[in-house]
Amino acid sequence: MDFPQIAFLLFAATAVVAAAAVISLRNPVHAVLCLVLTFFSVACTWIVAGAEFLGVALILVYVGAVMVLFLFVVMMLDIDVAPLRRNYVRYLPLGLAVSVVMLAEIVTLIGVRAKLAASFVPNAASTELPNTVWLARTLFSGFELPFEVAAVILTVAVVAAVMLTLRHRGGVRTQDPAWQSGVRASDRVRMVRMESVRPATPAAPPGGE
């Protein structure tokens, strides 16, 4: 068993452990940190396997964009975030642990890529396609139906998330855009005509000038 294969197994094991922590931890902040580690570990496995485009896209798209969406969803759900904001120092150990593991994975990945580059012999007659071209041809030719099914599932998930945030709950003040756009000026302002009354002159005190 060579070094790249050992690194692949370590990355895969880290991804599985972090994914299990995501669904087992009750604290949403801890779950988000473990989800970041899961995405990063899976990206490392793809890079070791030779799918550099998938690994970089996973880090840029999921860690950089989808995680922000997850945080918005967590903040919109009925989660009492007030206790989470207090004593934020208690999240420091897990944050440092995730950072150290990611740093170790980066160093290991650099070593794997350096070893593979040292053993690579360029061949001018090689007809190997870049993995971006291979991915596009494979995805849209042999796996077109699963790709469309995945797109439909993601669309349904987005609609479900919107419906969860728009459900009516008691004690929560919401807006009605249809009523707001149909309101008239007479509904907002009412002109009242009142007769002016002269204030009575106070009586002079006894013995005053």
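Taking each residue of segment 147-161 that is in the same structural domain as LEU135 (by TED's automatic domain parsing) and on the phi > 0 side of the Ramachandran plot and looking for partners that are at pLDDT 90 or above and of a type outside the set (D, E, K, R) with beta-carbon atoms closer than 6 Å, six or more apart or interchain, yields nothing. On the given criteria, is ALA114 exposed (fewer than 11 other Cβ atoms within 10 Å of the Cβ), at pLDDT 75 or above and in the same structural domain as VAL48 (by TED's automatic domain parsing)? So ALA114 does not fit the description; no.
Can you find a residue in segment 58-78 that is over 20 Å from the mean Cα position of the chain (by Cα) and not in a helix (DSSP H, G or I)?
No, every residue in segment 58-78 fails to be over 20 Å from the mean Cα position of the chain (by Cα) and not in a helix (DSSP H, G or I).
Kindly indicate whether VAL121 is of a type in the set (Val, Ile, Thr), on the phi < 0 side of the Ramachandran plot and modelled with pLDDT under 80. Criteria met by VAL121. Taking the residues in segment 124-168 that are farther than 25 Å from ALA51 by Cα and polar (S, T, N, Q) as candidates, determine which candidate is modelled with the lowest pLDDT. Here the residue is THR165. Among the residues of segment 24-39, those that are within 12 Å of the chain's Cα centre (by Cα) and either closer than 21 Å to VAL56 by Cβ or not assigned by TED's automatic domain parsing to the domain that holds ALA65 (or both) comprise LEU35, VAL36, PHE39.
Scanning segment 29-53 for residues that are assigned to a helix (DSSP H, G or I), out of contact with any Leu (no Cβ under 7 Å at 6 or more places or on another chain) and surrounded by fewer than 18 Cβ atoms within 10 Å (Cβ to Cβ) returns a single hit, GLU52.
Test VAL22 against the stated conditions and say whether it is touching a residue at least 40 places away in the same chain (Cβ under 8 Å) and hydrophobic (A, V, I, L, M, F, W, C).
No, not satisfied.
Pairs meeting the criteria (first residue in segment 46-62 and on the phi > 0 side of the Ramachandran plot, second residue at pLDDT below 85 and assigned to a helix (DSSP H, G or I), beta carbons under 7 Å, at least 6 apart or on different chains) are GLY50/ASN131. In this structure, does SER24 turn out to be at pLDDT 85 or above, of a type outside the set (Asp, Glu) and within 16 Å of ALA104 (Cβ to Cβ)? Here the answer is no, as SER24 does not meet what is asked.
The values are calculated or read from the model by the stated rules, or taken from the named source; none is laboratory data. It should be emphasised that the depicted structure is a prediction, and the values quoted were computed from it without experimental measurement. Reconstructed Cβ throughout: ideal geometry from the backbone, glycine too, with neighbour counts over all protein chains shown.
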